[in-house]
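Before any comments, here is the structure.
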Amino acid sequence: MTQKNNNVIQFNKYRKKKSVDPAEVAKERLYGKPAKLTTDISLIDLNDRREEKAASEKRAVTRTVLSQFLGVFLVLPNKGLQPVSLHDVSEAGLSFDLADEVGSYEISETVTMRIYLSHDTYFSFHAKIANKRTSSGQGVVRHGAVFRKDDDSFKTLFYFTKFLENVSLVARKDTGDRLLGRID
């Protein structure tokens, strides 16, 4: 009669999974598999999210995270910075409005943009114009642009969009309850 040896530890059951960088997963999901690009990306339209959140709360609160928190600018060669109005942002890109008098960009053109976090702190990135449309009567051209995966700031943009997504869930507009002086 043979006895089965029960004191054998099978290590393959306890093997730890390899840690995965979320930015790399996003790159693969966004750019590695084009068929998934349209189905896996959720567009973050902060205006819609604000309206949904305001409707679900007892008191109406208007959230204006992007219009008052950030300064978004196009870098115009030999001309300086041109402010733009950021409309929405996703893991793959963003859309912005540019005044008619400034002009517009052509599809497939690469632009350099800056996002200012304060009056003197910013990060820049490159985006490729994917679409554009003129808003009748509003005096602006809406541009849709995708983030360039070969840009050094791609990982930063990924985390930045996640930050905005989470902030939009809890942000509130100050209704006059700011303190005068220092906060200790």
**Request:** With all protein chains present, calculate the accessible area of SER104 using a 1.4 Å probe and round the result to the nearest 10 Å².
**Result:** 60 Å²
**Request:** Could you provide, to the nearest whole Å², the per residue accessible area of the stretch 64-164 with probe 1.4 Å?
**Result:** 52 Å²
**Request:** Heavy atoms only, probe 1.4 Å: what % of the accessible area of the stretch 95-181 goes to carbon and sulfur, would you let me know?
**Result:** 49 percent
**Request:** Quick one: accessible surface of ASP174, probe radius 1.4 Å, all protein chains present, in square angstrom to the nearest 10.
**Result:** 60 Å²
**Fill in**
Accessible-area order for VAL102, VAL89, VAL140, largest to smallest, probe 1.4 angstrom, reads VAL102, VAL140, VAL89
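The values are calculated or read from the model by the stated rules, or taken from the named source; none is laboratory data. Computed from a predicted structure; not experimentally measured. These accessible areas exclude ligands, DNA and RNA; they are computed on the full protein's heavy atoms, side chains included. Shrake-Rupley method; radii C 1.70, N 1.55, O 1.52, S 1.80 Å.
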